[in-house]
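K.L.:
Structure in structure tokens, see below.
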Amino acid sequence: MSRPRDILTRHHPGSVAILDPDEGTETTYGQLLERVTRTAEHLRRELGRALVFHLATNTTDSIVLYLACLEAGCPVALLEAGSAHRWEPLLRAYEPDAIFVAPGVAVPAGVRSSRSLPDGVYRMVSAAADRRLRTMHPQLALLLTTSGSTGSPKLVRLTRNNVFANARSIVSYLGVQPGDRSIQSLPMHYSYGLSLVNSHLVAGATVVLTRHSFMRPEFWDVVDQSACTSFAGVPYMYETLDRLRFDPGRHRNLHTMTQAGGGLRHDLIRSFDERCRAVECRFFVMYGQTEATARISYVPVERLPVKIGSIGIPIPMGSLSLASLDESDHQELIYSGPNVMMGYADSPEHLAAGDELRGTLRTGDLARVDDEGFFYLTGRLGRFAKLFGRRISLEDIEKELEFRYPIAAAASDCQGQLLIHAAARERIDLDGMGRYLAQQLGVPPRYIRIDAVDRIPLTASGKKDYKALSS
């Protein structure tokens, strides 16, 4: 089973692993190995095998901590540093042994101790008086959030093998080379963003960091000055780039652009494919789920013009199939591979559970396959939406709104927009409710629409009748 040390030692110690132009620093593979080893030893000495929460940022220090946790065998939950309302429910549910906090990030109320980690940047804080006695599965290494709903304690349980098997598959089909440089355009607490770090370090390539938004010219100055070769984005990023009339030809080193995190409009797929082909840049459309660490399938660039709308073929080492559903003509997409999670955790007790899926994931997506083996999504099984690159539980959204506001709510996915039908029992501020939900989910308000209705229709069995609302 791979450890970070096994991977880092394969590469030339003088090659640049992480470049941070904003800070004016570069970290070679030899230096990264030294820092990861030193931090891992510190964690073993101070914590043993402990559950830790890492409020991750796109910084060298954060990457070092993440790798050190994997090396030390400390199961680590990567969480968004700037969204306390999203991780504090997890803190209450799991009571981690330690929380890693970057400078400037507020610590939870009731913190009892705080001390610096090696290099004196991140702090290790504790909110508990005593270490909790807990049992964790020996292969558990990484915990990622999957639901975009508020207050959900659900986490995806991943092993080191899941992480690095998926990274190797990505390296294989994208052809990542040691000389490549990837701009870290997505946050590393998000599985797609984390896959950029993992795959480029596995390949011996360079991760380039920046604090600038992809919408700012400073971001693209970093891309050009650092000779970045690849850019990764979710649908709203490509929609924004289209409005900005993005031309990949303006960035002479850029040779790969990738898209995942939800379906991109077919006209934009065609447009970006054409723009990239005109300057010998490759545009990859990909599909994945956090439950499969990151990637599940991709469309080979040479087939994209005739396979627009497809999620493609399975990644190397993976396979896709379809399973018939009872009393339905639809089929569910099934993925099998070494990157499939062990299962979910809804509580601390689930951290001890073993591999419940055994390498096979029922994706919850409905699909079909053409005669060339290319798969197409046709709908969703269960009540989930893909919004702004996140898989969101519509049921959890409804429960949250009904708890907070005097309404009955029905949530649905409306062509990439979250649609809420709200039947209010008293006068409420629908615009304010929309802003609250946008903040909780971390998405722009334009992705949320709230329609007032007199009542939520019910089926004969007393369940919400979503079909009646959509008609």
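No lab work stands behind these numbers, since they all come straight from the coordinates. Note that this is a predicted model, so its numbers are computed, not measured. Positions of Cβ are generated from backbone atoms using ideal geometry, with glycine treated the same way; all protein chains shown enter the neighbour counts.
K.L.:
Could you rank the peptides 131-143, 67-79, 243-255 by their average count of other C-beta atoms within 10 Å per residue, with the highest value first?
P.N.:
Descending packing order for the listed peptides: 67-79, 131-143, 243-255.
K.L.:
Still on this structure, please answer the following. What Kirkwood hydrodynamic radius do you get for the stretch 8-79 when you take the inverse of the mean 1/r over all pairs of distinct Cα atoms, in Å?
P.N.:
After inverting the pairwise mean of 1/r, the radius is 12.7 Å.
K.L.:
Suppose only helical runs count, i.e. DSSP H with n ≥ 4. What mean residue ellipticity at 222 nm does that imply for the chain under -39500 (n - 2.57) per run, divided by all residues and rounded to the nearest 500 deg cm²/dmol?
P.N.:
-8500 deg cm²/dmol
K.L.:
When you count, for each residue, the other Cβ atoms within 10 Å and take the mean per peptide, how do 355-365, 370-380, 409-419 rank with the highest first?
P.N.:
409-419, 355-365, 370-380
K.L.:
Here's a follow-up. In whole Å, what are the extents of the stretch 371-436 along the principal axes defined by its C-alpha atoms, from largest to smallest?
P.N.:
Sorted largest first, the three principal extents are 55, 19, 15 Å.
K.L.:
Exceeding 28 Å between C-alpha atoms, which entries from my cross-link table qualify? They are Lys307/Lys464; Lys386/Lys464; Lys154/Lys464. It would help to have the intermediate numbers written out before the result.
P.N.:
On the way: Lys307/Lys464 37 Å; Lys386/Lys464 21 Å; Lys154/Lys464 24 Å.
In this structure, Lys307/Lys464 lie more than 28 Å apart at Cα.
K.L.:
Quick one: work out the % antiparallel among DSSP beta bridges in the chain, nearest 5.
P.N.:
Bridges in the chain are about 65 percent antiparallel.
K.L.:
Report the Cα centroid-to-centroid distance between the stretch 384-454 and the stretch 1-52 in angstrom, as an integer.
P.N.:
Here the answer is 41 Å between Cα centres.
K.L.:
Quick check: from the Cα gyration tensor, does the stretch 4-369 come out rounded (a/c under 1.5), prolate or oblate? All intermediate terms of the calculation are to be shown ahead of the outcome.
P.N.:
Numbers: a/c = 1.76, a/b = 1.22, b/c = 1.43.
Oblate is the answer for the stretch 4-369, as a/c is 1.5 or above yet b/c matches or exceeds a/b.
K.L.:
Calculate the dipole size of the stretch 223-353 relative to its Cα centre from +1 charges on Lys and Arg beta carbons and -1 charges on Asp and Glu beta carbons; express the result in debye to the nearest 20.
P.N.:
840
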